[in-house]
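Below is one structure, written out as C-alpha cells; comments come after it.
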Amino acid sequence: MKKICYIILILCFSLVSCAPTESVIDDGTQANTTDLSDYENVLKSLDEEQIGKLPQNVKCIVNDKLSIDSEINIWDATSYYVKSGKVKAVNFSENKDKCYDLMEKLAKAINLNKDVCVQSHRSENGNEIYLWDNNYTQDSIAIRNDSALAETHDGQLAVSASKFSTYYSPFNDKDKFRTGKQLMFMSAEEAEELAVKTAKELEINVCEKNELYVLDDKNTLIFPEYDTDKQNDTYVFFMFPDVYGIPYSRCPENETLTGYANQENHLVIAMDEKGISFLDIPPLYDWVETTETGEILHPSSILSKEVDKLKKYVTSGDIEVSEISLEYMLFADKNETYDIKPVWVVYYYQNQLVTGENSYEQKMALYDVYDAYTGEDYRIQ
C-alpha cells in the first residue's frame, strides 16, 4: 500500500513540474512563456562568446507574440574597443577638377555616350549641382555637394520608377526581393565582383558584406506612363561605406541629430544585361580626429534591453527581431563637422492592423538605436 502511495505522489509531482507556465508582461496581459527558458539560454550562451566567435544568427521564442530570428552583424570589427570622433562631410562639387574627375569615372561606369551636355548651376540652398545628360538616351549624371547619381534610362526604370525603392520606408518590405535568384545574363557572384570593382574604382571603401536584391518580372513599374517600357532584369547591391570596419548607420537618421533627414548611407550599384545601369553615391565623410576609444556593450546586453522594451508593445501586433547591427551614427555639432559614435541598431518587424473600409494587417519594418558604450536608448522610432 505504501508503495502505491509513493508512486501516486511521484506522478503528481511530475505533472506539476511539466505544466506550462504563464507570466504577466509589462502591459498587464497574459502571455504564454513556455519557451522563455529557451530565450534565457540563448542569451546566456551569446553572452559568453567573444567578438570573433559570435554566431551569425540567434533564434528563439520569447513568448507567443515575440520571437527572435536575428542576424548579429559586427561587420569587419575585430575588437569590443571602438573609436568615436569627429568627421567632415566630403564636398563633391567643392573642387571643380575633382568634380569633373568623378564625373568621368561615373560616365565610364555606366558607359555614358560621349554626345552629352554638361551644365552647372546652384540650387536654392546654395548647393552647386553639376549635370551631365544625354537627351536622346535619357542617361544622366548629377553631382551635388553631398551626393552623386548616375543612371541609364533602364536603370532609372528598374530602381527608381518601380516598386523597389532605394529609400527607407516602414511599408516597403525589401526582403521580398532578396530571393537569391540567378539572372540569365550573369551570376550573382560575378555581379558582386563587378560591384566591388566599381566601388574601388570610385575610391569608396565599403564593408565586405553587401545586400543583394534581385529585380525581375515580379517587380512592377509604379507610374502609368511607363507601362509601355520594359523593365530589365536587374541585380541591385546595397554596399556600406565603412570607417574602421564598421558601416555608417543604415537606418534613416533623425534630422535633429544629423541634419540629414531620411538619408540612408549606402552605396547603390545596379546592373542589367548591358552593364552598370544605376549608381547612387551617398554622403561620404573624412575622419578628422579621434575623441575616445571605449569598450562597447556586448550584443547580448542590447538584445536583453530590446526584449524588455518590446514586451510593452507586443499586444499591438506580433514582433520578430531580425537583426542586431553595430554601426556608426552621426550627430551634428556647431561646426561643419559631425560627432561620430558607435551604436547598436536593432531591426525588427511588427504586424500592425490597418483599419478602414477593408481592414488588413501590414508588416512594418522598424528599428531601435542604442548608444554602444552606455546602452542609452535613442528612441529613434
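Details
- Only residues that are among the charged types (D, E, K, R), open to solvent by 40 Å² or more (accessible area, probe 1.4 Å) and either in contact (Cβ under 8 Å) with a residue 12 or more places away in the chain or part of a loop (DSSP other than H, G, I, E, B) (or both) were counted across the range 186-218, and they come to 7.
- Search result, residues across the range 68-93 that are at pLDDT below 90, within 20 Å of the chain's Cα centre (by Cα) and crowded, with 20+ Cβ neighbours inside 10 Å: none
- For Glu49, the test of being farther than 20 Å from Glu208 by Cβ and loosely packed, with under 14 Cβ neighbours inside 10 Å is failed.
- Single match in Asp308, Asp339, Asp286, Asp333 (criterion: out of contact with any Pro (no Cβ under 9 Å at 6 or more places or on another chain), acidic (Asp, Glu) and more than 22 Å from Val243 (Cβ to Cβ)): Asp308
- Filtered residues of the range 135-156 (kept if at pLDDT below 85, touching a Phe, Trp or Tyr at 6+ places or on another chain (Cβ under 8 Å) and within 22 Å of Thr220 (Cα to Cα)): none
- Scanning the range 324-339 for residues that are part of a strand (DSSP E or B) and open to solvent by less than 50 Å² (accessible area, probe 1.4 Å) turns up Ile324, Ser325, Leu326, Glu327, Tyr328, Met329, Leu330, Phe331, Thr337, Tyr338, Asp339.
- Residue in the range 161-185 that is modelled with the highest pLDDT, counting only those that are outside any loop (DSSP other than H, G, I, E, B) and crowded, with 18+ Cβ neighbours inside 10 Å: Leu183
- Within the range 267-323, tally of residues that are under 30 Å from Met186 (Cβ atoms) and either open to solvent by less than 10 Å² (accessible area, probe 1.4 Å) or not in a strand (DSSP E or B) (or both): 15
- Subset of the range 343-381 (residues that are farther than 21 Å from Ala77 by Cα, of a type in the set (Phe, Trp, Tyr) and either part of a strand (DSSP E or B) or under 15 Å from the mean Cα position of the chain (by Cα) (or both)): Tyr348, Tyr349, Tyr360, Tyr367
- On the stretch given as the range 346-366, residues that are out of contact with any helix residue (DSSP H, G or I) (no Cβ under 9 Å at 6 or more places or on another chain), of a type in the set (A, V, I, L, M) and in contact (Cβ under 8 Å) with a residue 12 or more places away in the chain total 2.
The values are calculated or read from the model by the stated rules, or taken from the named source; none is laboratory data. What you see is a predicted model, and the numbers here were worked out from it, not measured in a lab. Neighbour counts are summed over all protein chains in view; Cβ atoms, including those assigned to glycine, are modelled from backbone coordinates with ideal geometry. The protein model used for the area step is the full one, side chains on, heavy atoms only, and it has no ligands, DNA or RNA in it. Shrake-Rupley method; radii C 1.70, N 1.55, O 1.52, S 1.80 Å.
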